[in-house]
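The values are calculated or read from the model by the stated rules, or taken from the named source; none is laboratory data. Small disclaimer: the values here were computed from a predicted structure and weren't measured. Counting neighbours? That spans all protein chains shown, and the Cβs are built from the backbone with ideal geometry, glycine included.
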Amino acid sequence: MVSKRNKRRILHPYAMNSPVRWFEALRLYGGVSAGNLDKALLATVSSLMTTPLRMAEHALFKRRIDSTSISRPPLFILGHWRTGTTFLHSLLTQDHEAGYVTLFQTLAPESFFVGQKTLQPLAAMRAPRTRPMDNVLLEMEGPQEEEFAVAHSSGHSFYVGWYFPRAMERLFDKYALLEGLSRDELAAWQRSYIHMLKVATRHAGGRRLVIKNPVNTCRIDALLELFPDAKFVHICRDPYAVYMSTLHLFRSVLNLVSLQKIDDAEIERYVLKFYRQMTERYLKDRDRIPAGNLVEVRYEDLDANPVAETERIYAELSLPGWEEAREDVCAYAQSQRNYAKNLFIMSPSDVLKVEEHWKIGLDAWGYLRPESATEIQPYVGAPAVS
């Protein structure tokens with residue numbers, strides 16, 4: 001359920017970004033539906049008003065950002081939406097030696113440094129208090145998916161589809177699967193991605209980045225090209241639970257930020273198709289990751305014993321600092337013990353859709369039809385972080 005604060009008029013996620021890209025997105029992706037003109041107008045006004053800050057950031061910080069070195073290979077968390085990636089991200093970023101992309105960076109990637117004293121407090125007041133699909137608190141300094149920063153700073157991102165869902169399928173092909181991109185477009189995506197990570201690295205004082213992004217599940221080859229020594233953690237979850245929770249995610253996010261109307265059948269089609277494509281691509285490419293640089297986790301194991309699973313990740317990836325991080329990881333895990341998950345009702349037709357369209361996931365991860373498929377309790381997330 002969307003909170004009262006989330007229902008009010010919020011700052012659109014595109015609002016603090018370049019008006020040039022904003023107008024280009026409107027032109028490329030089909031414009032705005034009549035019922036969403038107020039969102040578009042607020043985004044346009046905010047984009048124009050924050051232009052001086054972006055200019056100041058470029059003048060004061062461009063050289064410093066460009067000269068930033070990502071000397072420590074990132075740790076990438078992979079996995080479909082609603083499989084526990086946020087909980088895993090929250091656990092791994094309890095380590096004080098971990099850096100990450102913050103929520104504020106995703107909202108203002110081109111005015112991040114100059115905007116911390118001015119824009120960040122304003123954004124905190126106008127942002128939803130919790131994520132639209134669950135009770136996870138949104139904190140400006142908390143870890144967030146870097147895909148939003150790429151979407152807002154360059155437009156080279158599948159997440160532009162949250163705002164223009166009629167184009168979501170072709171955006172997924174281009175910027176999740178990286179198919180149909182020209183050489184120049186691929187280079188532009190790489191530049192925008194590296195730039196975003198350099199901003200995060202500089203903000204984190206050079207610490208190793210822990211990056212959580214479901215879209216990266218499709219992009220192992222591209223990430224290895226940029227970071228041959230990168231570490232990866234993939235998390236899977238019962239597809240029956242993932243299906244219901246992902247439908248809820250798409251409906252909730254689109255209801256809050258979409259500028260276009262699409263019918264529910266189209267949302268369902270996206271959910272069924274994207275999971276299948278993401279899983280196929282991951283299973284095809286995971287063997288390209290060098291030995292010792294990939295760990296696979298089941299959400300059910302992480303939920304049952306988060307500290308032991310986090311320790312296993314450190315051990316299998318040969319990550320330093322577990323003994324120093326253990327206490328904070330334990331404290332965080334303890335704080336989440338009483339967190340109440342969403343409850344969804346799963347119909348027999350929903351079960352059949354999973355078995356028809358997501359057989360690849362059922363087979364790959366070894367999940368069976370639940371004895372009672374009437375109530376599924378999907379993972380929601382950790383309420384204090386992200």
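Being in contact with a Pro (Cβ under 8 Å, 6 or more places away or on another chain), aliphatic (A, V, I, L, M) and not in a loop (DSSP other than H, G, I, E, B), is that true of even one residue in region 179-198? Yes; the residues of region 179-198 include at least one that is in contact with a Pro (Cβ under 8 Å, 6 or more places away or on another chain), aliphatic (A, V, I, L, M) and not in a loop (DSSP other than H, G, I, E, B).
Taking residues in region 138-150 that are outside any helix (DSSP H, G or I) and crowded, with 24+ Cβ neighbours inside 10 Å, and partners anywhere that are of a type in the set (A, V, I, L, M, F, W, C) and at pLDDT 95 or above, the pairs with Cβ atoms closer than 6 Å and at least 6 places apart or on different chains are 144/101. Might you let me know whether region 276-292 holds any residue that is farther than 28 Å from residue 98 by Cα, at pLDDT below 95 and either among the small types (Gly, Ala, Ser) or surrounded by 15 or more Cβ atoms within 10 Å (Cβ to Cβ) (or both)? No, every residue in region 276-292 fails to be farther than 28 Å from residue 98 by Cα, at pLDDT below 95 and either among the small types (Gly, Ala, Ser) or surrounded by 15 or more Cβ atoms within 10 Å (Cβ to Cβ) (or both). Taking the conditions exactly as written (of a type in the set (Lys, Arg) and at pLDDT 95 or above), does residue 166 satisfy them or not? Yes. Residues of region 332-353 that are farther than 25 Å from residue 233 by Cα, part of a helix (DSSP H, G or I) and not charged (D, E, K, R): 348, 349, 351, 352.
Given the criteria closer than 30 Å to residue 35 by Cβ, of a type in the set (Gly, Ala, Ser) and touching a residue at least 12 places away in the same chain (Cβ under 8 Å), does residue 335 qualify? Before the answer, list the steps.
Values: closer than 30 Å to residue 35 by Cβ: no; of a type in the set (Gly, Ala, Ser): yes; touching a residue at least 12 places away in the same chain (Cβ under 8 Å): yes.
So residue 335 does not fit the description; no.
In this structure, residue 139 does satisfy being within 30 Å of residue 343 (Cβ to Cβ) and touching a helix residue (DSSP H, G or I) at 6+ places or on another chain (Cβ under 8 Å). The single condition among (1) in a helix (DSSP H, G or I); (2) loosely packed, with under 15 Cβ neighbours inside 10 Å that residue 267 does not meet is (2).
Is there a residue in region 238-251 that is of a type in the set (Lys, Arg), under 18 Å from the mean Cα position of the chain (by Cα), within 29 Å of residue 36 (Cβ to Cβ) and in a strand (DSSP E or B)? Full working, then the answer.
Step one: list which residues in region 238-251 are of a type in the set (Lys, Arg), which gives 251.
Those left that are additionally under 18 Å from the mean Cα position of the chain (by Cα): 251.
From what's left, within 29 Å of residue 36 (Cβ to Cβ): 251.
Right, trim to in a strand (DSSP E or B) and you get none.
The answer is no, given that none of the residues of region 238-251 is of a type in the set (Lys, Arg), under 18 Å from the mean Cα position of the chain (by Cα), within 29 Å of residue 36 (Cβ to Cβ) and in a strand (DSSP E or B).
For the residues 254, 259, 223, the requirement of being aliphatic (A, V, I, L, M), more than 12 Å from residue 81 (Cα to Cα), over 14 Å from the mean Cα position of the chain (by Cα) and part of a loop (DSSP other than H, G, I, E, B) singles out 259. Considering the conditions (1) of a type in the set (A, V, I, L, M); (2) outside any loop (DSSP other than H, G, I, E, B); (3) surrounded by 19 or more Cβ atoms within 10 Å (Cβ to Cβ); (4) within 21 Å of the chain's Cα centre (by Cα), residue 329 is excluded by exactly one of them, (4).
Return a yes/no flag: does region 240-252 have any residue that is among the hydrophobic types (A, V, I, L, M, F, W, C) and touching a Cys at 6+ places or on another chain (Cβ under 9 Å). Spell out how you get there, then give the answer.
Narrowing region 240-252 to residues among the hydrophobic types (A, V, I, L, M, F, W, C): 241-242, 244, 247, 249-250.
Now drop any that are not touching a Cys at 6+ places or on another chain (Cβ under 9 Å), which leaves 242.
The answer is yes; a qualifying residue exists.
Take region 189-226 and flag every residue that is touching a Leu at 6+ places or on another chain (Cβ under 9 Å) and either polar (S, T, N, Q) or surrounded by fewer than 18 Cβ atoms within 10 Å (Cβ to Cβ) (or both). Passing the criteria: 190, 194, 201, 213, 216, 217, 221, 222, 226.
The residues of region 158-178 that are assigned to a helix (DSSP H, G or I) and aliphatic (A, V, I, L, M), listed by number, are 160, 167, 168, 171.
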